[in-house]
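The structure appears below as structure tokens.
The values are calculated or read from the model by the stated rules, or taken from the named source; none is laboratory data. The structure displayed is predicted, hence computed values, not measured ones. All Cβ positions, glycine included, derive from the backbone under ideal geometry; neighbour counts span all protein chains shown. Surface accessibility is based on the protein's heavy atoms, side chains included, excluding ligands, DNA and RNA. Shrake-Rupley method; radii C 1.70, N 1.55, O 1.52, S 1.80 Å.
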Amino acid sequence: MTQATTVKRVFRYNGSDMPDPNPNASVHEVKDILATSGMAELQNASVHGPSYEEGKEIYTLKVSTGHKG
């Protein structure tokens, strides 16, 4: 019998890895959770991934910086 393994999701922003605050939430819901947990700059971030490293599912959050005018 084969046993299913759960892959841990990790959210990467500015070179820092953050654990998944809610494994049952969608990737975009997690981004919103992180944005309301003191990282307001993630409100308009885009999500890239997943990529896989060392048995982990990595999602990279990128904030586009621009200027008006």
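Could you identify the single residue in Ser51, Ser37 that is modelled with pLDDT of 95 or more and hydroxyl-bearing (Ser, Thr, Tyr)?
Just a single option satisfies the conditions, and that option is Ser51.
Look through the range 29-69, keep the residues that are within 13 Å of the chain's Cα centre (by Cα) and basic (Lys, Arg), and return whichever of them is least open to solvent (accessible area, probe 1.4 Å).
Lys31
Residues are listed down the side, and each one gets a yes or a no for (1) farther than 15 Å from Pro19 by Cβ; (2) hydrophobic (A, V, I, L, M, F, W, C); (3) in contact with a helix residue (DSSP H, G or I) (Cβ under 9 Å, 6 or more places away or on another chain):
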site	(1), (2), (3)
Asp32	yes, no, yes
Thr36	yes, no, yes
Glu41	yes, no, yes
Ser51	yes, no, no
Tyr59	no, no, yes
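Restricting to the range 5-28, name every residue that is in a loop (DSSP other than H, G, I, E, B) and open to solvent by less than 60 Å² (accessible area, probe 1.4 Å).
The answer is Asp20, Asn22, Ala25, Ser26.
If you scan the range 29-46, which residues turn out to be touching a residue at least 12 places away in the same chain (Cβ under 8 Å), in contact with a Lys or Arg (Cβ under 9 Å, 6 or more places away or on another chain), farther than 18 Å from Val7 by Cα and part of a helix (DSSP H, G or I)?
Correct list: Leu42 only.
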